[in-house]
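Report on the following structure.
The values are calculated or read from the model by the stated rules, or taken from the named source; none is laboratory data. None of these values were measured; they are calculated from a predicted model. Cβ atoms come from the backbone with ideal geometry, glycine included; neighbour counts cover every protein chain shown.
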Amino acid sequence: MKKKTHSKVASKSPAKKKQKPATEAPASNLPRIGLEADYEAIVKPENTIHALNPNLPAVLSTPSMIGMMEHATVVAIIHELPEGTISVGTRIEVDHLKAVGPGAKVISHAKLVKYEGRFLVFDVEARSGEYVIGRGRVFRAIVHPQTHGEKAKARVQS
């Protein structure tokens, strides 16, 4: 697989604090609006819905396509994240438009288009040849991995 790149989370605000418009970065050290990247992959049999259920056809699964799109979002901003942070997916709004099978080359494209509060909003599209196979939006948040992991661990129910 090949990739091609072009190119402190604020804590919750009190209700009274005025937020910046959604098209501006909340802080100057965060990734710039307009960053974009492509992620290219070949569909493997394990990326198909057939791998999950042999009664289904061997076509790219929606979760696999979304994973490719999310990877493009990560590649787009990785070099502009504040030191010591990572980004995590928080919301997905994607339509899966066309089916492709094993061996198909899929190129996922992501572009950081705005901020909504603490969330980064990406327009995403996946193509295979001349076909747009999916498009939509992916939302991410910037977090500190240790704090993020500790919070997740604290939520584990015995």
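Conditions tested, residue by residue: (1) more than 26 Å from residue 152 (Cβ to Cβ); (2) at pLDDT 95 or above.
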{"position": "5", "(1), (2)": "yes, no"}
{"position": "32", "(1), (2)": "yes, yes"}
{"position": "48", "(1), (2)": "yes, yes"}
{"position": "75", "(1), (2)": "no, yes"}
{"position": "87", "(1), (2)": "no, yes"}
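Which residue is modelled with the lowest pLDDT, if the candidates are limited to the range 142-158 and must be over 25 Å from residue 79 (Cα atoms) and in a loop (DSSP other than H, G, I, E, B)?
158
Quick check on the range 79-93. Is at least one of its residues touching a strand residue (DSSP E or B) at 6+ places or on another chain (Cβ under 7 Å) and within 18 Å of residue 128 (Cα to Cα)?
No, the range 79-93 has no match at all.
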